[in-house]
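Derivation of every value follows stated rules applied to the coordinates shown; laboratory data play no part. These numbers were taken from a predicted model, which means no experiment stands behind them. When we count neighbours, we look across all protein chains shown, and the Cβ atoms used for this are built from the backbone with ideal geometry, even at glycine.
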Amino acid sequence: MITFNYIASFFLIALGFYTIITKFNLVKAVIGLSIADYGVNLLIISIGYVPGGTAPIFTQGEITQLSYFVDPIPQALTLTSIVIGACVTAMSMSLVMKLHESYGTLDTREIRRLHG
Amino acid sequence: MSNFMNYIHFPIYSVMVLFLGAFLIVVLGKNKTLRSIIAVLSVSISLACMIALIKPVMVNGEVIAYWMGNRVPAGGYAIGIAMEVDALSLFFGLLISTAVFVSTIYSIQYMAHDENIPQYYTLLLMLAGGVMGLVLSGDIFNMFIMVEILTFAAVALTAFRNRVFGALEAAFKYLVVGCMGSTCILAGTIMLYANAHTLNFAQLSAIIPGNMNTSTKIAFALLFVGFSTKAFIVPFHPLAADAHGAAPASISVLISGVLTKSGIYGIIRLTYFLFQTMGLSTFQFLLVFIGCVSMFLCVTMALAQHDFKRLLAFHSISQIGYVLTAVGLFTAVGFSSGIYHALNHTLFKGLLFLAAGAVLHETGTTNLDELGGLSKKMPHTTVLFLIGAFSISGIPPFNGFASKWMIYQACYQKAVESGNIGYVLVTVICLVTSVLTLASFVKVSQSVFFGRLPEKYENVKEVSFGMRLAMGIFALLCVLTGLFPDLVGKYLTQPAATAAFNASSYIDAMLGEGYAASAMGPFLPAAQNVVFYEAGVWSPMSWLLIMCIVLLAITIVAVTSKYDRVSAVSSGEADAKHALFFSGEEAVYSQVGGSDLFWGFKHNWRHYFSFMHDLHSGILNDYALWAVVDLALVMLFMLIVL
């Protein structure tokens, strides 16, 4: 079951990178980055998953040797990663807007003043 | 924890003060004086903290392990977030805080005419804080966070002057490929976590080498490629070139002097500590190969450039190639020469970028074909530029010579020790690259500072004192590190190299004495006998004397001779067949432009140059493809050789 998650996460990362390579639209490049980011988030969450585990929310007295819960650290990492992903999208979209203003196009093949 | 001035708190101060300064400038940055004071104060405190750590860490050889909130390891597991400062971290910390300090001083007047200056300082301090946090962190996830902060700040600063030709484009390409790298770092980090169930760097270094499997090998590839995007080594060099050309000069100093070093730091930590695979000749081959390709490819790219800052950007990656090659040799001399060159590169490349910024500030262009003769108008900048150019070209007694000389020695010594003839070839590539670097700086000095002054620059003035002061600091440091390689070796590079070859003491400092031996068992690396041979033996002072005598002789000849330079090029003498005249109206003076100086050489290599020009197409998809191909190749390499 969890193996499917791993396959799906690497598929998403690969799909995201594939999008960036093959699509000539700047907005699609941003979408590709987001897809790759979601793939990594899925990977992180899957690594922390324990079959049958509960949510890792306990108070000081409740936690015992028998407590069985999923790993909380990857969940914290995912939250950070989601925030960073949102920042990437926001910043790249603002750059895309500015690029469209000054170049009048979103085609990567025409946005190549700097080359060679 | 009562004593707040205890030096173990200094690493966290040096990071926090930068972020605090960034925050305060957002709040109070309206006032011009106030924001300059805050910016200079925070970078000075950060630098002072780093300098204060030289004695305990570099001289006494301590490793500072600092647990946030005093959450020390429990039950053999690192549960808190840690900072760990050994000599290697401190070396990079010192280098970074120096570059940031000088760049901030330069910014005050360089950026005075721009809009949104508070935001500029906020981003500058965020960038500085991110890189500081990266090199001082002892936690791999925090390293990722810092990588993201510095990438974001660097992208925003690249696009800061968004009316500049290509600034937005450069920033977007850097953002996309940089974020692909960051995604790789995160994926690699989490795959290591899946194997070792810890994020503490020291504990990972103890667990991973003994438990290699397919997923850790792929994690290595992901992390390696991720840090490669930060170091801009091949195949990520076009991003650096684009970003440098568009960013303000004070930011170019940080991108070339600081960001690339953070990538190199990541690669060193990855190969020397986390996986401890550097003992294998295949991994030495990997680093040396990428280093040599970066070195040679970028110097030839630089020869074909027409823009001052873009040319410097390619040289920057070429010098990073030297650092990577030397580090990849896995010898004590090689490592110390590599990081010595990293230090020198930050100094001389910072100086050159600031000189390019001064030219841009006064003339409004960095196009080599338009400039000329500025030595008459900007004599101080010219002298400072020449110091930087001599340093990067490896002319004694400046610092570039000292470190390059050590790198040649280290390569050759490696060839003798390992019996591998390939390392002789590496030495040759290093030498050829150095020659081409010199050639390209002859071209730059000729087309910017010498030759005839175009009429439109008649009113150009020398830059302000603050900017010259910043360049002067770099120039002074270039000369000092060149003249006293023994002191640099004793207090900076040799402790750092010793630290790099003793991963177990790094682990023990964090998790208690004997942890490395018990956790790693048979995988514990044998205690390295770090010997620094008579490395870099030469007497800088006598070279300085020779240099002075030669300069004096040139000056005397130039002053006393009757040869009149002006008449030779511009007066309408009858003997026109020796005049410089290419085409067009004879009355119009045409200078031997930067692109023409080595035309014979370029003509012979025209197929190579045009191939490289077409290859660096400027299309985002191509650069992304290179990144993925690089990732695939490193993964394949890992799965085959290990």
- line: So the angle from the long Cα axis of helix B:422-444 to the longest Cα principal axis of chain B, reported in degrees to the nearest 10, equals 40
message: Using a Debye calculation, one point per C-alpha and no hydration shell, please list log10 I(q)/I(0) for chain B at q = 0.08, 0.09 Å⁻¹ in order.
response: -0.56, -0.71
field: chain A, helix-only ellipticity at 222 nm - DSSP H runs n ≥ 4, -39,500 (n - 2.57), divided by all residues, nearest 500
entry: -23500 deg cm²/dmol
- prompt: Taking 0.36 nm per residue of separation and subtracting the Cα-Cα distance, what length does fully extending B:Asn60 through B:Ser464 add?
  reply: 141.2 nm
- prompt: What's the Cα-based Rg to Rh of segment A:23-116, Rh via Kirkwood?
  reply: 1.26
task: Starting from the Cα of B:Asn367, step 7 Å toward the Cβ, then list every residue of segment B:236-257 with an amide N under 18 Å from that point.
output: B:245-247
task: Please report how far the C-alpha centroid of segment A:65-116 lies from that of segment B:414-436, rounded to the nearest whole angstrom.
output: 42
- prompt: A:Phe69's amide H: which non-local residues (gap 5+, or another chain) put their own amide H closer than 5 Å, with H modeled 1.01 Å from N in plane and none for Pro or chain starts?
  reply: A:Thr54
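How crowded by other chains is B:174-186, given as the mean number of beta carbons from other chains within 10 Å of each beta carbon? Write out the running numbers ahead of the final one.
Details: counts 1, 7, 10, 1, 1, 13, 7, 0, 6, 12, 4, 1, 11.
For peptide B:174-186, the averaged partner shielding equals 6.
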Mean-position separation - Cα centroids, segment B:68-92 and segment B:117-169, in angstrom: 24
query: Rounded to the nearest 500 deg cm²/dmol, what is the calculated helix-only ellipticity per residue at 222 nm for chain B, with -39500 (n - 2.57) per DSSP H run of length n ≥ 4?
result: -22000 deg cm²/dmol
task: Kindly state, to the nearest 0.05, the FRET efficiency for B:Val629 paired with A:Ala86, given R0 = 25 Å and r defined as their beta-carbon distance.
output: 0.30
statement: In debye to the nearest 20, the charge dipole size for the protein assembly as shown, taken about the Cα centre with +1 at each Lys and Arg Cβ and -1 at each Asp and Glu Cβ, equals 600
- request: Report the FRET efficiency, 1/(1 + (r/R0)^6), for B:Leu552 and A:Tyr103, where r is their Cβ-Cβ distance and R0 is 56 Å, rounded to 0.05.
  value: 0.55
- line: To the nearest 10 degrees, the tilt of helix B:332-363 (Cα long axis) against the first principal axis of the alpha carbons of chain B is 40
- request: Based on alpha-carbon positions alone, could you give the equivalent ellipsoid semi-axes of the protein assembly as shown from the gyration tensor, as √(5λ), descending, whole Å?
  value: 44, 29, 25
query: Between the helical axis of B:308-328 and the dominant principal axis of chain B, each derived from Cα atoms, what acute angle in degrees is found, rounded to the nearest 10?
result: 40
Selected from B:Ala500, A:Cys87, B:Phe220, residue furthest toward positive end of dipole (the protein assembly as shown; charges at beta carbon): A:Cys87
query: Expressed as a rounded percentage, what relative contact order does chain B have, with Cα pairs under 8 Å and six or more residues apart?
result: 15
field: Stretch gain in nm, segment B:Leu642-B:Trp605, where the contour uses 0.36 nm per residue and the Cα spacing is subtracted
entry: 9.4 nm
- line: The longest stretch of chain B containing none of the GluC sites (Glu not before Pro) that sit in a DSSP loop with at most 14 other Cβ atoms within 10 Å is B:116-457
message: Could you compute how fast segment B:15-148 diffuses translationally, taking Rh as the Kirkwood radius over C-alpha pairs and applying Stokes-Einstein at 37 °C with viscosity 0.692 mPa s? Give it in µm² per second.
response: 208
message: Under 5 Å between amide hydrogens, which residues at least 5 positions from B:Gly512 or on another chain qualify, with H placed 1.01 Å from N in the peptide plane?
response: none
field: All lysines inside 18 Å of A:Lys23 as judged from Cα atoms, apart from same-chain residues fewer than 8 positions distant
entry: B:Lys173
statement: 1/(1 + (r/R0)^6) with r = Cβ-Cβ of A:Thr59 and B:Gln119, R0 = 35 Å, i.e. FRET efficiency to nearest 0.05, evaluates to 0.20
- request: Using only the alpha carbons of segment B:74-148, determine the length spanned along each of the three principal axes and report them from longest to shortest in whole angstroms.
  value: 57, 24, 14
